[in-house]
1. Using all Cα-Cα distances in region 89-190, what percent lands in each 10 angstrom bin from 0 up to the longest?
2. Among Gly62, Gly166, Gly29, whose mean-square fluctuation peaks in a Gaussian network model of the chain (Cα, cutoff 10 Å)?
3. Whole angstrom only: what separates the Cα centroid of region 116-182 from the Cα centroid of region 21-67?
4. With charges set only on the Cβ (+1 for Lys and Arg, -1 for Asp and Glu), what does the dipole of the chain come to about its Cα centre, in debye to the nearest 20?
5. I need to check one value: relative contact order of the chain, counting alpha carbon pairs closer than 8 Å and at least 6 residues apart, in percent.
6. Where nothing but the Cβ of Lys and Arg (+1) and of Asp and Glu (-1) is charged, how large is the charge dipole of region 89-190 around its Cα centre, in debye to the nearest 20?
7. Hey, with R₀ at 22 Å, roughly what FRET efficiency would Arg198 and Tyr49 work out to, going by the Cβ-Cβ distance, to 0.05?
8. Each label point is 7 Å from the Cα along the Cα-to-Cβ direction; what then is the distance between the points at Thr103 and Met1, in nm?
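Every number here is computed from the coordinates shown, using simple stated rules; none is lab data. Since the model is a prediction, treat every value here as computed from it, not as a measurement. FYI the Cβ positions are ideal-geometry reconstructions off the backbone, even for glycines, and counts take in every protein chain you see.
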Amino acid sequence: MQPAIIYEDEDIIVCKKPAGVATQTRRIGQADMESLLKNYRASKGELPYIGVVHRLDQPVEGIMVFAKNKEAAADLSRQIKTKLADKYYYAMTDGVPEKKKGTLEDELLQNGKTNTSEVVERGTPQAKHASLSYEVVEQDGKHAVLRIKLDTGRHHQIRVQLAHAGMPIVGDKKYNFKENIAPSGGQLALCSFKIAFRHPKTHRKLEFEIDKPFGLS
């Protein structure tokens with residue numbers, strides 16, 4: 001499998017992660033973005049260093065940026081952690097929100113044993129605040145397509161918050177407990193379609209966007 005490169009220079013690689021491929025994994029024999037990109041660099045005779053500065057859940061497709069050296073990795077990681085980098089998603093929900101635009105704010109607690117997260121009461125030990133804003137771009141009586149901007153980056157955040165709000169993501173086998181036939185063909189209908197950040201060396205503002213999923217116009 002060859003990575004789908006969107007942009008590359010001496011410091012960064014921007015590419016599209018397919019659904020079903022992990023960002024990083026310790027499982028022997030399983031392809032992940034880190035190893036695919038290391039092999040890609042090695043095939044060009046380059047030092048096969050890849051800095052993973054953010055992640056996408058394995059079932060999620062979308063755009064990602066990786067660092068090609070430690071200096072770039074440190075700068076991009078800082079942008080991600082301090083919210084200087086912006087990440088945008090599309091999600092198809094099983095259910096329609098009452099408001100066309102809104103913000104979801106919750107406290108999330110991660111369970112490492114089950115690899116899940118849940119919404120808990122404020123003040124719960126080890127819980128972390130989660131915030132996202134959304135806008136409805138398409139809808140019918142049963143489903144809506146939301147354009148989402150993440151304000152925080154928590155474990156399974158979009159999936160958990162939308163499910164808690166009564167509109168789980170179509171095809172989500174972890175958090176969508178409604179009985180439905182997924183119009184996405186069984187795939188998790190969540191896509192990271194846009195990322196914006198500053199180049200780690202030149203500090204120039206960069207934005208990258210991929211084609212819209214779910215048949216959006």
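1. P(r) for region 89-190, in whole percents per bin: 16, 49, 30, 5.
2. Among Gly62, Gly166, Gly29, the largest mean-square fluctuation in the Gaussian network model of the chain belongs to Gly29.
3. 26 Å
4. On the way: 34 positive and 28 negative charges, 87 e Å.
Here the chain has a charge dipole of around 420 debye.
5. Details: 443 pairs, mean separation 42.9, N = 217.
Here the relative contact order equals 20 percent.
6. On the way: 14 positive and 13 negative charges, 41 e Å.
With only Lys, Arg, Asp and Glu charged at Cβ, the dipole is about 200 debye.
7. On the way: r = 21 Å, r/R0 = 0.95.
The value I calculate is 0.60.
8. 3.7 nm
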